[in-house]
Amino acid sequence: MAAEKMPWRTARIGAIAPVTPRVKSFRFEGLEGRHRAGQHVEVRLTAPDGYSAQRSYSIASAPGDAAGLELMIEGLEEGEVSSYFAGIAEVGDEVELRGPIGGSFVWSPEDEGPVLLIGGGSGVVPLLSMLRARFSARSETPMLLIYSVRNAAEAIAREELQIRARDEPGFDLTLLTTREGATAGRRVDRVMIETALDHVGKPRHVFVCGSNGFVGSVSDLLVDASVKPSIIRTERFGG
């Protein structure tokens, strides 16, 4: 079903929690049905005068999560929707959501692997949903996540990802901090891609999510490393 034909549904904010200095987690109640890991929803806010604004956000929670559908929203100074969530939204507020949306950038445990995940900044959110889906299914499908972020404080779900890499068989994490530490000044490059491919093996699925520039650069590197374009799935945001 096309997104524009999906009905808008009212959902209640059931919980709010900080994730990073700029990102908050929002759990929503009143949404029935299951999504697929990697999908997103549209959020619409309507002012008393009838003016409305809407924005798409990737789903962070695993399908069927009993705690409710989770969005991780970064507060942006000029964002009409994100500024509401950053400084105004409270538990109990109701907002309109439409979805889940998306049929190509998705992974389910039955899809198996190996799987290579590459995320930049908040682009890790739909990849986090895939990792959580893997855990919920008690899957040991080989997965490797390369996560590029400016600094450790801005890394979404950093502690969770590190614990998963430590405790979950078959999952490995490469955390690249581009503005601090030993990797300052480095970007996802050919060596990193080739090392990841050597480690995870010939991937069955590759998912890349981040800004336009990040996704374009990483996709080129993957193709240069002889990864078939047909298995590379991308999601882009921003400029």
Mind listing the Cα extents of the range 47-110 along all three principal axes, in Å, largest one first? 46, 25, 22
Expressed as cubic angstrom per residue, what is the convex hull volume of the alpha carbon set of the chain? 130 Å³
Over the Cα atoms of the range 75-189, what radius of gyration and what Dmax do you get, in Å? 16.3, 44
Excluding Tyr51 itself, calculate the net charge of residues whose Cβ lies under 13 Å from the Cβ of Tyr51, where each Lys or Arg counts +1 and each Asp or Glu counts -1. -1
What value, in deg cm²/dmol to 500, does the helix sum -39500 (n - 2.57) over DSSP H runs of n ≥ 4 give at 222 nm once divided by the residues of the chain? -6500 deg cm²/dmol
HN-Hα couplings for the range 195-209 via Karplus (6.51, -1.76, 1.60; θ = phi - 60°), in whole Hz with x for Gly/Pro, come out as 5, 4, 5, 4, 6, 7, x, 5, x, 8, 9, 10, 10, 10, 9
Which values of log₁₀ I(q)/I(0), to two decimal places, follow from the Debye formula for the range 3-101 at q = 0.11, 0.15 Å⁻¹ with a uniform point scatterer at every Cα? -0.29, -0.55
How tilted is helix 212-224 with respect to the longest principal axis of the chain? Cα atoms for both, answer in degrees (0 to 90, nearest 10). 30 degrees
Can you return the aspartates and glutamates within cross-link range of Lys5? Criterion is Cα-Cα under 16 Å, with same-chain partners fewer than 8 residues away left out. Glu42, Glu96
For the chain, what is the percent of antiparallel DSSP beta bridges, rounded to the nearest 5? 55 percent
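Every number in this text was worked out from the coordinates using simple rules, so none of it is lab data. This one's a predicted model, so the numbers in the text were calculated from it and none came from an experiment. For neighbour counting, all protein chains shown are included, and Cβ atoms are generated from backbone atoms with ideal geometry for every residue, glycine included.
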